[in-house]
């Protein structure tokens, strides 16, 4: 009798377990890849909050090396296996996935439509292909000019931001002031000798870039040629600029006062702030000088965005996560404080949380300046041929700076190479 | 013959090498032929790829950037051959010398660059070769000379890549030369010394001829490796400035991965294979490796 009771009890337990397991809801796991250490710092707490709000969805966040996140994704797409559900991709590397017939990402145009009035519209351009939007931008990356207040004072120039902004109203003014700031052991600014990043910001201010809105190559238009000539003259003719050192040497040189100013978007200036502790408290920040005929005080450079891959079996769950993490106001200020990256949400940009004195910039409200400029960032349109254009544009800058070719020759050659590939 | 004979002599040996055969076929042979087939396709991005015959190859022959990468690669090959192989031989002679104390320490030190990871090497050399803060320019300035823009001057950047290549791989070839030196019978040197041969004569008439097979092997393998150089320019200069340090393999990577043009990338790979094959055959003929030995 006792034996039969035990057998009956065990059978009941087994049957009940089976019912419970069968009845239990399957948890959705979404693999999310990224490469940025600073992004990981704010995204992990956001993921924890999301998983509490949505207990049936688990986000498996993995930070990979940059190449693994980009080339690895490319390999996964080609193999058709191991494709994560949610991905972060750098702005320059996103368009190449649209070269073939397949579209490996989920079209977010209609899903984003209700949110578009809240977003900085200019930032959707780089992730728009064939008239559709394929990713949520992570950032705006407005560009500004930062300068050493002490060096300006030494040169008998005003040093308060409001006055310096008037002094450097346009790039011709910068050239003239640069001559006063330059001396044997110091230049006005570092600019890359064989890369297009700074040049790109200068031409964006004038409504130009490598491609127009129809996808035609504009590398060799008058604005680009004229601006490259000015860029080369800053280095070679007037010698107010020096070629940027590479890697850690760039920050060491800035920290040791080898230049009086620097320019760039928030992430670039954030790295300068992080790696130049000796010069903390000596800087001021102003909008970029403008170009004659164009009243655009800022530009942009770089960026990244979040997309859902077509391999995702649960795109609705992925969209819920994307909305929660990247389109909610409460996560926005954290992103600025953690990574010096303004999200493309207007309500964050207008948030008082950004308007705090920054000791690095002599207690100037640097966040407030960047927030204002974020709303003025010019729009540009990415092309699927951007990787090729970027390579040949950089080559053109290198040849022009080394005076192996004139800016016109160098840019025309670069433009023709891209047009040949596009045929 | 019994079952035991069949199992022992015909089945078991093949079973033991089967795992290698499977891996080799899957990860070496199949990709080689598959990439050859891709080189005949217009494989751009994701999706269907059309057959275009020799279209990628004909485009390659009119690609100015390909020719630049070829020139840069030839520059690297010549530079490293002229510097690295004599350096490796010299190192081997030094560390093989009975006069040298702490020989094991010096042998290990010479080989350390080979096993140091490429990213670590590139970080160190980016600093050493930096225009403002680099060790090399610091020494030049102390000697009263002007600093040199090692990595950002288009005329100098390939020499900087060659310098790193020589530093990195001289120790590797030193090992082969060392093994060759230790295989030379000492009686030859004793007999020559008795005949009054000087140090240089010992090297010219005994060491060098006895090292011929090793020299052939080192030249051929060095050439194959140098023609495929990728990691040093990729990590140190990303092929810049303005493509001045882009090698063929780096150009292949750029086309296949950055530009997502796999068909074109594969055609570059096969052209490189053809170049390496022809050069290797030429080297083998030069060193007499096809000569039949007469007893």
Go through B:250, B:272, B:235, B:211 for me and flag whichever is away from chain A (no Cβ under 14 Å), closer than 27 Å to residue B:35 by Cβ and either in contact with a helix residue (DSSP H, G or I) (Cβ under 6 Å, 6 or more places away or on another chain) or modelled with pLDDT of 95 or more (or both). B:272
So for region A:168-181 (the condition being away from every other protein chain (no Cβ under 14 Å), within 21 Å of residue A:384 (Cα to Cα) and either assigned to a helix (DSSP H, G or I) or touching a strand residue (DSSP E or B) at 6+ places or on another chain (Cβ under 6 Å) (or both)), does at least one residue qualify? no
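Here's the yes/no breakdown for (1) more than 14 Å from chain B (Cβ to nearest Cβ); (2) within 20 Å of the chain's Cα centre (by Cα):
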{"position": "A:229", "(1), (2)": "yes, no"}
{"position": "A:245", "(1), (2)": "no, no"}
{"position": "A:262", "(1), (2)": "yes, yes"}
{"position": "A:276", "(1), (2)": "yes, no"}
{"position": "A:280", "(1), (2)": "yes, no"}
Go through region A:91-128 and report how many residues are within 14 Å of chain B (Cβ to nearest Cβ) and assigned to a loop (DSSP other than H, G, I, E, B). 6
Counting only residues that are in a helix (DSSP H, G or I) and more than 8 Å from chain B (Cβ to nearest Cβ), which one in region A:375-395 is surrounded by the fewest Cβ atoms within 10 Å (Cβ to Cβ)? A:390
Return yes when residue A:203 is within 26 Å of residue B:154 (Cβ to Cβ), within 14 Å of another protein chain (Cβ to nearest Cβ) and at pLDDT 95 or above and no when it is not. no
Can we say residue B:216 is on the phi > 0 side of the Ramachandran plot and in contact (Cβ under 8 Å) with a residue 40 or more places away in the chain? no
When you look at residue A:400, is it within 14 Å of chain B (Cβ to nearest Cβ), under 24 Å from residue A:288 (Cβ atoms) and either in a helix (DSSP H, G or I) or in contact with a helix residue (DSSP H, G or I) (Cβ under 9 Å, 6 or more places away or on another chain) (or both), yes or no? yes
Being within 14 Å of chain A (Cβ to nearest Cβ), under 30 Å from residue A:258 (Cβ atoms) and surrounded by fewer than 18 Cβ atoms within 10 Å (Cβ to Cβ) narrows it down to one of B:136, B:125, so name that one. B:136
Of the candidates B:147, B:185, the one satisfying the condition of being surrounded by fewer than 19 Cβ atoms within 10 Å (Cβ to Cβ) and either more than 14 Å from every other protein chain (Cβ to nearest Cβ) or in contact with a strand residue (DSSP E or B) (Cβ under 9 Å, 6 or more places away or on another chain) (or both) is B:185
Suppose we filter B:47, B:53 for residues that are away from chain A (no Cβ under 13 Å), over 25 Å from the mean Cα position of the chain (by Cα) and surrounded by fewer than 20 Cβ atoms within 10 Å (Cβ to Cβ); which single one remains? B:53
Go through region B:198-295 and tell me which helices (runs of 4 or more DSSP H), entirely inside it, have 2 or more residues that are over 22 Å from residue B:85 (Cβ atoms). B:231-236, B:248-253, B:262-286
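Results for (1) over 23 Å from residue B:41 (Cβ atoms); (2) in contact with a strand residue (DSSP E or B) (Cβ under 9 Å, 6 or more places away or on another chain); (3) crowded, with 21+ Cβ neighbours inside 10 Å, shown as yes or no for each residue.
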{"site": "B:220", "(1), (2), (3)": "yes, no, no"}
{"site": "B:224", "(1), (2), (3)": "yes, no, no"}
{"site": "B:231", "(1), (2), (3)": "yes, no, no"}
{"site": "B:246", "(1), (2), (3)": "yes, no, yes"}
{"site": "B:253", "(1), (2), (3)": "no, no, no"}
{"site": "B:267", "(1), (2), (3)": "no, no, yes"}
In region A:78-90, which residue that is closer than 28 Å to residue A:423 by Cα and at pLDDT below 95 is nearest to the other protein chains (Cβ to nearest Cβ)? A:78
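The values are calculated or read from the model by the stated rules, or taken from the named source; none is laboratory data. Every value quoted in this text rests on a predicted model; they were computed, and no experiment measured them. A quick note on method: Cβ atoms are made from the backbone with ideal geometry, for glycine too, and the neighbour counts reach across all protein chains shown.
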